[in-house]
Amino acid sequence: MDHARAPVLEALAEYHASGWIPFTPPGHKQGRGADPRVRAVLGEGVFASDVLAVSGLDDRAGGRGVLARAEELMADGVGAEHTFFATAGSSLSVKSAMLAVTGPHQQLVVGRDAHKSVVAGLVLAGIDPVWVEPNWDPVRHLAHPPSAAAVADALRRAPEARGVLVSSPTPYGTCTELAVIARACHEHGVPLIVDEAWGAHLPFHPDLPVWAMDAGADVCVTSVHKMGSGLEQGSVFHLQGDRIDPKVLKSREDLLGTTSPSVLLYAALDGWRRQMVEHGKDLYDHALGLAARTRERIDRMDGLRVESREDFCGPGLAAELDPLQIVVDLTRLGISGYQAADWVREHHRLNLHLADHRRIAAQLTHADTAHTTDALTVALLELAGHAEEFRAPAPLEIPAPADLRLEQAMPPRDAYFGPVEDIPWQRAAGRVAAEMLTPYPPGIPAALPGERFNTPVLEYLHTGVAAGMYVPDAADPGLGTVRVVALP
């Protein structure tokens, strides 16, 4: 295939040159109706390129195949058999993949470190989860993806399960042994779905962790807006093999997706594929070298420690690490990641990728330069120099691994949609959660609908909020109360 072509971008350029007059949405009519003050901020080009995908960029029936050709090029560019574009982020794409494999009252083996979008899929579809525990590092208080042995054990415990879903890489960049997990799934006759939201870049350089399709996964969901050049909400999902019918997968996406997809998002996905196929290797040669130098500079700073493969990978931990996620431990400074992230935002106008009780992380991509990484290292050097001025962080009660795992007392959908009540968190131990409680980032629920609260998890969440943790999906963001299934 000719990867110098970009069908969506070419059709958009043709549309601009053609003088089309739309009597269709969007109502701003290529910006003519937009408030000039809005155009001044967003730019004329945003409105000019915000056109309909059909009866606009393509004909009324999509007969020119603009999107289909772009998806074929994407699949060829990464080595998948089928690729589908999505414009509601991987939160939609992963639900589509789940529904292509299983349905109401059927079982799906799921890593318990799943993103909240996966839990939302369980709730909406009425899928019964068979949870697989992540690899928990009790020294660093960090969860890595589940091991292949844990997935195989779950499949033996749940012979009726229709498939497996694991998340790899994590937002911290740690990856599981996908090839071994894929073999275990296929030996049991079920497909493997990989939520690879943080791995859009993985197919394009040999020194990055193996990507899901090369490892033998059946479906891979990728957020191109996270580590690629896509616009926010730009996502793709890839398919290979014959365990999932591509028509079924497309139907599930159609069930959940919008009937008004954004051509802006499609165009960015199309252009990113061309960029990566033509220049990805060189771009990531540069990015990986820049990351290595940045890691070394930060690691030499007093009080800071950049966590590496030696920290995160090994028996009982992760299998691989994406070096573009620069994770910095602040324990020796005596401050929390929440405090550090807020400080560098206020004093250096830097937004960090994530923060937790003891770490911060900076995400590098092919877009970073010596200028951006210099700004990061200057900010962290000054952070270390001002650490003594910080108040002592509020104590955070982190449970032991066994206490972090809550009993799944009832199906997530039944708990979420059934009768509920809000009660003080101090009285919630033993009650069944009716909401997701998700420290964000990274967006992995500490409690989800249908799980039975215990005291350690409740204390962890309560002290976490006091220490700066953000739990955006709680009915009461301050966690003075929690939502539980009402008693009969």
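The values are calculated or read from the model by the stated rules, or taken from the named source; none is laboratory data. Just so we're clear, the structure is a prediction, and the values are computed from it rather than from any experiment. Glycine gets a Cβ as well: all are built from the backbone with ideal geometry, and neighbour counts include every protein chain shown. To get the accessible areas, we keep the full protein, side chains included, count just its heavy atoms, and leave off ligands, DNA and RNA. Shrake-Rupley method; radii C 1.70, N 1.55, O 1.52, S 1.80 Å.
Residue pairs whose Cβ atoms lie under 8 Å apart, separated by 6 or more positions or on different chains, with the first residue in region 446-463 and within 19 Å of H357 (Cβ to Cβ) and the second of a type in the set (F, W, Y) and open to solvent by less than 10 Å² (accessible area, probe 1.4 Å), are A447/F453. Taking the numbered list (1) modelled with pLDDT of 90 or more; (2) closer than 17 Å to W131 by Cα; (3) buried (at least 23 other Cβ atoms within 10 Å of the Cβ) in turn, V457 passes all entries but (2). Scanning region 200-230 for residues that are more than 17 Å from H82 (Cα to Cα) and either among the acidic types (D, E) or touching a strand residue (DSSP E or B) at 6+ places or on another chain (Cβ under 6 Å) (or both) yields D207, P209.
Residue count for region 46-64, restricted to those that are surrounded by fewer than 17 Cβ atoms within 10 Å (Cβ to Cβ) and either without any contact (Cβ under 8 Å) to a residue 24 or more places away in the chain or of a type in the set (D, E, K, R) (or both): 6.
Has region 373-393 got any residue that is in contact with a strand residue (DSSP E or B) (Cβ under 9 Å, 6 or more places away or on another chain) and more than 24 Å from L142 (Cα to Cα)? Yes, because at least one residue in region 373-393 is in contact with a strand residue (DSSP E or B) (Cβ under 9 Å, 6 or more places away or on another chain) and more than 24 Å from L142 (Cα to Cα).
Taking the numbered list (1) open to solvent by less than 10 Å² (accessible area, probe 1.4 Å); (2) not in a strand (DSSP E or B) in turn, V484 passes all entries but (2).
Residues of region 429-454 that are surrounded by fewer than 24 Cβ atoms within 10 Å (Cβ to Cβ) and in contact with a Phe, Trp or Tyr (Cβ under 6 Å, 6 or more places away or on another chain): A429, R431, Y440. Screening region 1-39 for residues that are small (G, A, S) and under 32 Å from the mean Cα position of the chain (by Cα) and picking the one that is farthest from R64 (Cα to Cα) gives A4. Residue check: is R162 open to solvent by 10 Å² or more (accessible area, probe 1.4 Å) and either closer than 26 Å to A446 by Cβ or in a helix (DSSP H, G or I) (or both)? Answer is no for this residue.
Restricting V328, V277, V263, V306 to residues that are more than 29 Å from G89 (Cα to Cα), among the aliphatic types (A, V, I, L, M), surrounded by 17 or more Cβ atoms within 10 Å (Cβ to Cβ) and out of contact with any Phe, Trp or Tyr (no Cβ under 7 Å at 6 or more places or on another chain) narrows the list to V306. For region 319-338, the set of residues classified as farther than 13 Å from H144 by Cβ and among the β-branched types (V, I, T) consists of I326, V328, T331, I335, listed by residue number.
Yes/no per residue for (1) in contact (Cβ under 8 Å) with a residue 60 or more places away in the chain; (2) more than 28 Å from M410 (Cα to Cα):
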site: P138; (1), (2): yes, yes
site: P146; (1), (2): no, no
site: A150; (1), (2): no, no
site: A158; (1), (2): no, no
site: L165; (1), (2): yes, no
site: R183; (1), (2): no, yes
site: F204; (1), (2): yes, yes
site: D207; (1), (2): yes, yes
site: M213; (1), (2): yes, yes
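A count restricted to region 221-239 and to residues that are open to solvent by less than 10 Å² (accessible area, probe 1.4 Å) and without any contact (Cβ under 8 Å) to a residue 40 or more places away in the chain stands at 0. From the list H366, H357, the one residue that fits, being open to solvent by 30 Å² or more (accessible area, probe 1.4 Å), out of contact with any Gly (no Cβ under 6 Å at 6 or more places or on another chain) and not small (G, A, S), is H357. Note on region 370-410: among residues that are within 24 Å of the chain's Cα centre (by Cα) and in a loop (DSSP other than H, G, I, E, B), the one that is modelled with the highest pLDDT is L406.
Residues in region 340-357 that are modelled with pLDDT of 95 or more and either touching a Phe, Trp or Tyr at 6+ places or on another chain (Cβ under 6 Å) or among the basic types (K, R) (or both): R345, R349. Within region 54-80, which residues are touching a helix residue (DSSP H, G or I) at 6+ places or on another chain (Cβ under 8 Å), of a type in the set (A, V, I, L, M, F, W, C) and modelled with pLDDT under 90? Correct list: L57 only.
If only residues of region 108-149 that are among the β-branched types (V, I, T) and open to solvent by less than 20 Å² (accessible area, probe 1.4 Å) are counted, the one that is nearest to the chain's Cα centre (by Cα) is V118. Every test in (1) assigned to a loop (DSSP other than H, G, I, E, B); (2) open to solvent by less than 20 Å² (accessible area, probe 1.4 Å); (3) closer than 23 Å to A150 by Cβ is passed by G316 save one, and that test is (2).
Yes/no per residue for (1) closer than 26 Å to D76 by Cα; (2) in a helix (DSSP H, G or I):
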position: E253; (1), (2): yes, yes
position: T258; (1), (2): yes, no
position: A268; (1), (2): yes, yes
position: V277; (1), (2): yes, yes
position: G289; (1), (2): no, yes
position: A292; (1), (2): no, yes
position: I298; (1), (2): no, yes
position: G303; (1), (2): no, no
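Examine region 339-354 for a residue that is surrounded by fewer than 21 Cβ atoms within 10 Å (Cβ to Cβ) and part of a strand (DSSP E or B), and state whether such a residue exists. So far as region 339-354 goes, yes, one or more of its residues are surrounded by fewer than 21 Cβ atoms within 10 Å (Cβ to Cβ) and part of a strand (DSSP E or B).
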